[in-house]
Every structure is written in C-alpha cells, then in structure tokens.
Amino acid sequence: MAGYSFMNDLSNVVRMDEPIRGPMPRWQKKNVDASNSSINMSFNASRSKMNTSLNCSTNQSKTPNKGGSSRSKTPSKTPSKTPTKSPRSNPPSKSPTPGKSGGDRFIPNRSATDFDLGYLKLKQVPPEEVGSPTQTEKERAMSETLHGRDISSQRILSYQNKAPLPPEGYQNHLKVVYTQTKTPASVKATNRYIPSAPDRILDAPDICDDYYLNLIDWGSNNILAVALGTSVYLWNAATGSIEQLLDLESNDYVSSLSWIQSGEGEHLAVGTSLGPIQLWDTVAMKRERVMAGHGGRVGSLAWNSYILSSGSRTGQIMHSDVRMRDHKVLIVSGHTQEVCGLKWSPDGRYMASGGNDNLVNIWPAEYNTMRTQAQPLYSLSAHQAAVKAVAWCPWQPHILATGGGTADRCIRFWNANSGVLLNTIDTKSQVVSILWSAHYKELISGHGYANNQLIIWKYPSMAKVSELTGHSSRVLHMSMSPDGTTVISAGADETLRLWKCFDVDPSKKKSTKEVKPVPSLLKTRIR
C-alpha cells in the first residue's frame, strides 16, 4: 500500500498537464502581506472601538446611585477617565505640521504672493520721458490711492523664511579672496614716512597778506623766488644763498611771480600792482624788458613756452609773446572781477582761470599756437567763493582741480574735455592752493581760515593721508620743488615752511638718464 501511494505521488509530480507549483513570486508576496496588514489594522480598530463602547456602558451601569437619584458630575467624569486608563487604547500619533517642518526658503510662498500685482509689474513699461517732480509726486499719490499701497516697494514673489543670520563675530574670508583679486591704489594704505614737522623754516618779513596774490614760485633751476613787499629775493635751495633781485618804487609792490618753463632759460616774470610786467634775467641779474597793457594789478601769471599769460584786477587775461617787440598777442575777457588763479595744462591744450567772481573758465588753445581762443570753452559756476587754487593733473592732463575761498571751502574736480564735474570734497577750510604730486597718486592743498594747515589727499578716493600743521596764520601760497619731493608754503605769519612730504624711497627710485639742456631761443630773441 505504501508503494502504491509512492508511485501515485511520483506520477503526480511528473505530470506536465498542470501548472508547476513552486514558491510564490516576490511581488505577489508583497501584495498578500499588504492586504493582510490592512485587514489586521481595520480589525484591530473596530475591535478597539467595540471595547471602548463596552467599557463605557459597563462603567455607567456599575456606578451606584445614592438615594435613588443620580448625580450629574459622576457620569461626566467617569467616561473621560476610563479611556485614558485603559491599556488597550492607542493614542493617535502626532504628525509634524507642514508649515513648521522647515523646507527650502528659496521656494516662494503662494499664499502670501499677490499674483495680480506681479503680473502688473511684469507688464508695466517705464515711461520714456521723466516728468517734473510735481507730476511724478502726483502720479505716485494716485497710484497709492488706487492700489491701497505703494506698489513700487512691493515684491513680485514672497518668501516664507528669511536667510538665517550668521553667528556673532563671523567673517567670511573667502568673499574677500574671490571677489577682489587686487587692491586698488586708492585703497592701499600708505607705508611711507611723512614728517609732521617742516624740514626747514625761513623768515619772510613784510610778505603781503593778500589772498588774491601769488608771491612765491620755485623754478626748475632749484631757485625760489619770493616777493616781500616791494622787493624780490632769490633763495638757492642747493647752497642756501640769498640774493635780492629787484626793489620797486615806494608806491608800487610785487603782486605775482612766475618762472619760465624748464629748458627755456633763467627768466622770471614779475607782475606789479600798477599793471606793467617786468621780465628779468636771473643769471645776469638785469631786467630784460617791461611789458605794459593791464589797467590794474597783475595777480596771476602762467607760462606756455614763450607765451606769458597774465590776469589782472580788471578781469582781463593778456597773452604776451616775449620774443616780439609788440608783445601783446591777444586779450580775452571772461571774468568780471580780479583773476587770481591761472594755469596752463601740461600738454598745452587748455588754460584754466579762476576769478573773484566765483567762476572757473577753461580756455582751449588755438590751433598751432601757444595762446587761447577768444571765448572760453566752459564757464563753470559751481563754486560759491573766489577761486584762486587751480591745478592740472600731471598724469591725466584733462583733469582740473579747483578750490574755493572761505564761503565755499570745496575742492572740485573737472573733466576739461566735457566740462563735467567729477567730484566735490568739503575741506572745512578756505582753499588757497593745490599741487599734484609727480611721484604718487596724491595731491596737497593749502588752507587759510580757519585751520591754517596743509592736507595730503589720496586720489581719486580723496582719503586724507596726512595733515601738516605749523602755521599760526593762514597759508597764502604753495610751490613745489623741481624734483617733486618738497613743498614750500608761505603763511601770513611771515614764515616759509619746507615740507618734505613726497620723498621717494631710494630703493624704488628709477634711474634717470642725464638729459642735456636744450638751448633756449629766448636768449637771442627777447628785445
């Protein structure tokens, strides 16, 4: 019997007409397990509900009634305590709130976003022409009334969370490394030594305390010319010797001085209070000629090769060719009051003039000549006081720096090619003179009321590098040495102070080749 059953089982296994029975596939097993778990969960839930209802009814029925009357507080307390003490009750799990779960702060919040306003701002076309301030304010008020708020400050997208704040004291050093590869020259701190005290002090008795005059000039021959009342003295900076060049009559005094440009000779132009201009040969110590033409004192002088430009109290500027007998080449009128500042640009393309009428005129040079045209190219009226300080940038010949008097106290920078005001700095003091440095991207300004100091500025940031104090009265004028290292200031305290503020480091100083002087044509042509 056992052998029969064995053979029967073997034949059933070997039969091919029925499906092969094997282990259940994995996907079918997952479906079966999921269905069983759902059935079990529903069964357990229904069972817990039944138990809860049975317990409640049982507890209510077991509560004794005293005196046949039921108390109102007993049934209300019993149902609330029973489910919490039952071990079979499963408290619902707390799911995290979607709004407090965090999320990406860069995803806009749709509930806080005004889509109509966003569509309006995206489709809004800015006006081609900007109206007057009154019209603009009226349009803003109408828009605020129509929309209920100022839509110009509203954003198109709204975000739920703001960027987290960094910890206190945190500094991102990588930002500096990757956003700024090279420190600009205007930001670099100066590491050179600038003496705060003058290198030398000279006496200047009887110097005229007048803001509008230019009484000192340092020539390319390293000789300083100083006007003291009616006399002119020459101080040799190399040897320290002093010589008297001239002495005017008692009813006249010296109002301006100017050395001829380098390579043109050893001549000094002297402007007087009565109007004539004297030209002196400082080597032979003799007067070459006297040039008349002004009706008032000559307060400013400027050379452009063999052309001498002079400004007078009448407001006129005269160009004189010192090689010719008839020296008067051109007279221009661009100021209504005294011309106290006059300077030619290094390339000879422009001449700048400043006057007591608060104007700065930029005159273009006439083609193929050394004089200006009859009309100024630009007439600048931004200053609120007399303009005596005018200076051209040596490495950017079209940049002009001007300084105003007591009522203005500002240094302004102009582009002579376009007449545009580039920058304005309030110095808090009367600006008397401005000089650009030839070795550094800096400039120095001399000031009168009320601080009486010299200030070195970093250009173009106009950060203060140093302040040089020492004058007890206002600074009247400044001049620079031929090598560009020393600045001399003349003060109303009758002193001349030499400041070695632009000294060059010998290790960084470039080797300069010896340049042979070019013979001047003035020695043979001045009459």
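The values are calculated or read from the model by the stated rules, or taken from the named source; none is laboratory data. Values in this document were obtained by computation on a predicted structure and should not be read as measured data. Cβ: placed from backbone, ideal geometry, glycine included. Neighbour counts: every protein chain shown. Calculation scope for accessible area: heavy atoms of the full protein, side chains included, ligands and nucleic acids excluded. Shrake-Rupley method; radii C 1.70, N 1.55, O 1.52, S 1.80 Å.
Listed values, structure above:
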item: Unique residue being under 20 Å from Asn356 (Cα atoms), among the aromatic types (Phe, Trp, Tyr) and not assigned by the TED database to the domain that holds Ser461 when the list is Trp414, Trp395; result: Trp414
item: Per-region count, region 308-334, residues open to solvent by 10 Å² or more (accessible area, probe 1.4 Å) and either in contact with a Lys or Arg (Cβ under 6 Å, 6 or more places away or on another chain) or not assigned by the TED database to the domain that holds Leu215 (or both); result: 5
item: Looking only at region 367-387, and only at residues there that are within 23 Å of Val432 (Cβ to Cβ) and part of a loop (DSSP other than H, G, I, E, B), the one that is most open to solvent (accessible area, probe 1.4 Å); result: Gln384
item: Met285 being open to solvent by less than 20 Å² (accessible area, probe 1.4 Å), among the aliphatic types (A, V, I, L, M) and under 26 Å from Leu224 (Cα atoms); result: no
item: Qualifying residue in region 307-317 (condition: closer than 23 Å to Gln244 by Cα and in contact with a Gly (Cβ under 8 Å, 6 or more places away or on another chain)); result: no
item: Where a residue in region 397-421 is within 25 Å of Ala438 (Cβ to Cβ) and its partner, wherever it lies, is surrounded by fewer than 19 Cβ atoms within 10 Å (Cβ to Cβ) and hydroxyl-bearing (Ser, Thr, Tyr), with Cβ under 6 Å and at least six apart; result: Cys410/Thr424; Arg412/Thr424
item: Yes/no for Thr424 being open to solvent by 30 Å² or more (accessible area, probe 1.4 Å), outside any loop (DSSP other than H, G, I, E, B), in the same structural domain as Tyr350 (by the TED database) and not small (Gly, Ala, Ser); result: yes
item: Residue list for region 119-133, filter: modelled with pLDDT of 75 or more and not β-branched (Val, Ile, Thr); result: Tyr119, Leu120, Lys121, Leu122, Lys123, Gln124
item: Scope region 108-127; condition farther than 16 Å from Ser153 by Cβ, open to solvent by less than 60 Å² (accessible area, probe 1.4 Å) and in a loop (DSSP other than H, G, I, E, B); matching residues; result: Asn109
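Matching residues to (1) aliphatic (A, V, I, L, M); (2) touching a Leu at 6+ places or on another chain (Cβ under 9 Å):
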site	(1), (2)
Asn361	no, yes
Met370	yes, no
Ala374	yes, yes
Ser381	no, yes
Ala386	yes, no
Pro394	no, no
His398	no, no
Gly405	no, no
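Results for (1) closer than 24 Å to Ser300 by Cβ; (2) assigned to a loop (DSSP other than H, G, I, E, B); (3) in contact with a strand residue (DSSP E or B) (Cβ under 9 Å, 6 or more places away or on another chain); (4) open to solvent by less than 30 Å² (accessible area, probe 1.4 Å), shown as yes or no for each residue.
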{"position": "Asp408", "(1), (2), (3), (4)": "yes, yes, yes, yes"}
{"position": "Phe413", "(1), (2), (3), (4)": "yes, no, yes, yes"}
{"position": "Ile434", "(1), (2), (3), (4)": "yes, no, yes, yes"}
{"position": "Asn452", "(1), (2), (3), (4)": "yes, yes, yes, yes"}
{"position": "Glu467", "(1), (2), (3), (4)": "no, no, yes, no"}
